[in-house]
Amino acid sequence: MRGKVWAAVTQAFKLPMALIRRMMTKLINRVLMSRLPPPKMAGQAIVDCNRRKMVVGLGNPGMNGSRHSVGMAVLTTLAERLGAPDSWRSDRQVSGEVIVTHLQDIQLVLLRPKLLMNVNGVSVAKAASKYLISPEHILLIHDELDKPLGKFGIKHGGSARGHNGVRSCVDCLHTDVMPRLRIGIGRPPGKTPVDRYVLGRFSQEEQNVLDSVMKQSVDVLLTYITDSQPQTSPAEGRRASHKNKSRTLSPPQDTTEEQKQS
């Protein structure tokens, strides 16, 4: 009986505590956002802004190899593909590490926030202000619990779906139009707490699958970035494996293209 009472009390406090944590995160976002860096490219013509994009790898600094930081791992692979693996530089103005490079006629800013996941959006908003990049040209890469390991896909804006890093970006940029590349990590097995699971590292077997994911997701990124009509890009639910085929404002627009095993 005592156990049932305690369970009821715990359940009753879950919602208020979640709201308190949400309010505290918003407050921290506002404090950290109090001083935005001056625009670095204010003298350039406005039309140039349409040829400037940013790709952000969401995650926790210093936690390389964890499921929650898989977005940063994909971004690192992208930097290697662009021939700039050693070009990262720390930028205190944006609270992150930055590479500025070019892809065809597009000026591309790569960003690895140096803030915790829950306030990654502060770094993203600061970089957007400094480099004059509009939210619809900011692509977020992040882990996705609702996709199994080995699957990934583009989501065209919409709600954060419970992802704290994406929620921070939405709060700080005041819009949900940012496209996202969602990298599946799957749900935790059994009764493993979600927070322990996402902060844990990939097993060697999982890492082998992830290596294929990163290579193919970078292919998708390069196509998406250079595509003049990104809504036709490779789609939600694509499976990453060499043997497999398979938002603007809310509501989100998802494109689906399944690959099946051959």
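The values are calculated or read from the model by the stated rules, or taken from the named source; none is laboratory data. These numbers come from a predicted model, not from an experiment. Using ideal geometry, Cβ is built from the backbone for each residue, glycine included, and neighbour counts are taken over all protein chains shown. Keep in mind that these areas ignore ligands, DNA and RNA; they rest on the heavy atoms of the full protein, side chains included. Shrake-Rupley method; radii C 1.70, N 1.55, O 1.52, S 1.80 Å.
Only residues that are open to solvent by less than 10 Å² (accessible area, probe 1.4 Å) and closer than 12 Å to ARG92 by Cα: list them for the range 123-133, please.
SER123, ALA127
Would you check if there is a residue in the range 84-104 being modelled with pLDDT of 95 or more, surrounded by 22 or more Cβ atoms within 10 Å (Cβ to Cβ) and of a type in the set (D, E, K, R)?
Looking for residues that are modelled with pLDDT of 95 or more, surrounded by 22 or more Cβ atoms within 10 Å (Cβ to Cβ) and of a type in the set (D, E, K, R), one finds none in the range 84-104, hence no.
Please determine, by comparing only the residues of the range 54-69 that are assigned to a helix (DSSP H, G or I) and open to solvent by 10 Å² or more (accessible area, probe 1.4 Å), which one is farthest from ALA125 (Cα to Cα).
Within the range 54-69, the match that is farthest from ALA125 (Cα to Cα) is ARG67.
Evaluate the following for PRO37: is it in a loop (DSSP other than H, G, I, E, B), surrounded by 15 or more Cβ atoms within 10 Å (Cβ to Cβ) and modelled with pLDDT under 90?
Taking the combined requirement at face value, the residue satisfies it.
Does MET72 satisfy being assigned to a strand (DSSP E or B), modelled with pLDDT of 95 or more, touching a strand residue (DSSP E or B) at 6+ places or on another chain (Cβ under 8 Å) and not aromatic (Phe, Trp, Tyr)?
Against the criterion (assigned to a strand (DSSP E or B), modelled with pLDDT of 95 or more, touching a strand residue (DSSP E or B) at 6+ places or on another chain (Cβ under 8 Å) and not aromatic (Phe, Trp, Tyr)), MET72 does not qualify.
Output the number of residues of the range 178-201 satisfying the condition of being assigned to a loop (DSSP other than H, G, I, E, B) and of a type in the set (Val, Ile, Thr).
Of all residues in the range 178-201, those assigned to a loop (DSSP other than H, G, I, E, B) come to 178, 185-193, 200.
Subsequent filtering for residues that are of a type in the set (Val, Ile, Thr) retains 185, 192.
Qualifying residue count, the range 178-201: 2.
Could you tell me whether PRO179 is in contact with a strand residue (DSSP E or B) (Cβ under 9 Å, 6 or more places away or on another chain) and farther than 15 Å from LYS53 by Cα?
So PRO179 does not fit the description; no.
Within the range 81-176, which strands (runs of 3 or more DSSP E) (wholly inside it) include 1 or more residues that are within 13 Å of the chain's Cα centre (by Cα)?
106-113, 138-144, 151-156
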